[in-house]
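Chemist: Provided herewith is a single structure, encoded as C-alpha cells, for subsequent inquiry.
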Amino acid sequence: MTVTSEQRFGEFVAVRGHEGLEHVTELVLDRPRAMNAVSTDMARSIAAACAALAADPDVRVTVLTSSHERAFCVGADLKERNSFTDADLVRQRPTARAAYTGVLELPMPTIAAVHGFALGGGFELALSCDLIVADRTALVGLPEVSVGVIPGGGGTQLLPRRVGAARAAELIFTARRVEAAEARELGLVDELVPEGEDRSEALALAGRIAGNSPVGLRAAKRALRLGHGLDLRAGLEVEDSAWRSVAFSGDRAEGVAAFNEKRKPNWPGE
C-alpha cells in the first residue's frame, strides 16, 4: 500500500496516511531494534502523536501498527527501567501513563494490528484500542507480576472489560502468555487472520469504517465508552446525550438525503 504522507514524532513513532484509504491514519510503533519496547522517549512520542491525531478532524479511523516483523510491542523498556532510581520511576510515571491514555482517549475508532509479541505494556496499547486484529503468530499477555509489578497501562481495568473479572484475574495472576488461537477464543483479540495479514486486514477494516459519518463514529464511540459499566438507565442517558449531539448535525442531514437519493453520502463532518 502506497504511503502518501508521513510525520515523525521523535525517533520511534510515525503517523502515516495512505493512497486509496481516505480518512484512515496509521500510528506506527517504530523502534525495531528493541522490539518496540516503550522507553521514556517513545512514550513521550506516542502521547504527542495521539494529541495530534485527536486534534485532526479529518481522521475517522486510526490503526495502531508495528514496524517490527516479529513483535507488536514487548512492553516497557526494562533495560531503561533497570537504571532508574525510585525517584526516576516516580518522575517517569506521568509520561508512561500519557502514552497509554493517549491511545485510549483517541476520539475516533481505533484498531490494533497485532503480530508476534504483544506483552505487558504492548498488549495494554492494543487493549486501549476499540478493536484488535491479530495474525496467527500473535502471543499476548500481561506478565507484570512475574517481574514484581502490576499492569500499569490500563490492563487491570481494560482486560476485565473484555473477558470478565475472573478470566482477567487468571491471566494477570498467572502471568501466562496466550497464543493466537486461544486469544481469539477467549476474546483477547477480535479477529484472527493468516500470518502476515494483520496490518492489511486492519487497514481494510478501517477503510470500511471510515466510509461512515465521522460525527456519528465519534459520538458512537463516546456512548460506548462512557456508558460501559453504568446501570441501564444511566447508560441510556449517555446514549441520549450522544444522539442529541448528532441529531441536528450536517452529517445526519446528509445521511438521510443520500439514503433517499440512493447515492453515497458526502459527509460534511459537522
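Chemist: Divide by every residue of the chain the summed helix terms, -39500 (n - 2.57) for each DSSP H run of at least 4, and state the resulting mean residue ellipticity at 222 nm, rounded to the nearest 500 deg cm²/dmol.
Modeler: Value at 222 nm, helices only: -14500 deg cm²/dmol.
Chemist: Search the structure for amide H atoms under 5 Å from the amide H of Ile132, placed 1.01 Å from N in the peptide plane, and list their residues when 5 or more places away or on another chain.
Modeler: Amide H to amide H, under 5 Å and 5 or more residues apart or across chains, Ile132 pairs with Ala112, Asp190, Glu191.
Chemist: Then there's this: Of all beta bridges DSSP finds with both residues in the chain, what is the antiparallel percent, to the nearest 5?
Modeler: Among the beta bridges of the chain, antiparallel pairing accounts for roughly 40 percent.
Chemist: For a Förster distance of 30 Å, can you work out the FRET efficiency between the beta-carbons of Glu22 and His228, rounded to the nearest 0.05?
Modeler: It comes out at approximately 0.50.
Chemist: Let me ask another. On a 0 to 90 degree scale, rounded to 10, what angle separates helix 40-54 from the longest Cα axis of the chain?
Modeler: 10 degrees
Chemist: Once both axes come from the Cα atoms, what is the angle between helix 250-261 and the longest principal axis of the chain, in degrees from 0 to 90, rounded to 10?
Modeler: Around 60 degrees separate the two axes.
Chemist: So how far, in whole Å, is the C-alpha centre of the stretch 164-212 from the one of the stretch 44-110?
Modeler: 19 Å
Chemist: Name the longest site-free stretch of the chain, where the excluded sites are chymotrypsin sites (Phe, Trp or Tyr not before Pro) in a DSSP loop with no more than 15 other beta-carbon atoms within 10 Å.
Modeler: 85-247
Chemist: Now a separate question. Rank Leu158, Leu236 by accessible area, highest first, at a 1.4 Å probe radius? Walk me through the numbers before you get to the answer.
Modeler: Values: Leu158 30, Leu236 85 Å².
So the residues, ranked largest to smallest area, are Leu236, Leu158.
Chemist: Taking only protein heavy atoms and a 1.4 Å probe, what accessible area per residue, in Å², does the chain have with all protein chains in place?
Modeler: On a per-residue basis, the chain sits at 51 Å².
Chemist: What do you reckon, how do Met42, Met35 stack up by accessible area (1.4 Å probe), largest on top?
Modeler: Ranked from most to least accessible, the order is Met35, Met42.
Chemist: If I stretch the segment between Ser241 and Asn260 completely, what's the gain in nm (0.36 nm per residue apart, minus their alpha carbon distance), one decimal?
Modeler: On the way: separation 19, 0.36 × 19 = 6.84 nm, distance 2.63 nm.
Here the segment from Ser241 to Asn260 would lengthen by 4.2 nm.
Chemist: Roughly how many debye, to the nearest 20, is the charge dipole of the stretch 1-142 about its Cα centre, given +1 on each Lys and Arg Cβ, -1 on each Asp and Glu Cβ, and no other charges?
Modeler: For the stretch 1-142, the charge dipole is close to 400 debye.
Chemist: Sticking with this one: Across all directions of projection, what mean area in square nanometres is found for the Cα convex hull of the stretch 191-270?
Modeler: Here the figure is 7.2 nm², rounded to one decimal.
Chemist: What accessible area, in Å² to the nearest ten, does a 1.4 Å probe give for Ser146?
Modeler: Only protein atoms counted, so the area is about 80 Å².
Chemist: Can you list the aspartates and glutamates whose alpha carbon sits under 17 Å from that of Lys264, skipping same-chain ones fewer than 8 residues off?
Modeler: Glu22, Asp251, Glu254
The values are calculated or read from the model by the stated rules, or taken from the named source; none is laboratory data. Note that this is a predicted model, so its numbers are computed, not measured. Heads up, the Cβs are rebuilt from the backbone with ideal geometry, glycines too, and the neighbour counts pull from every protein chain shown. Each accessible area value is taken on the protein alone, full model and side chains, heavy atoms only, with ligands, DNA and RNA left out. Shrake-Rupley method; radii C 1.70, N 1.55, O 1.52, S 1.80 Å.
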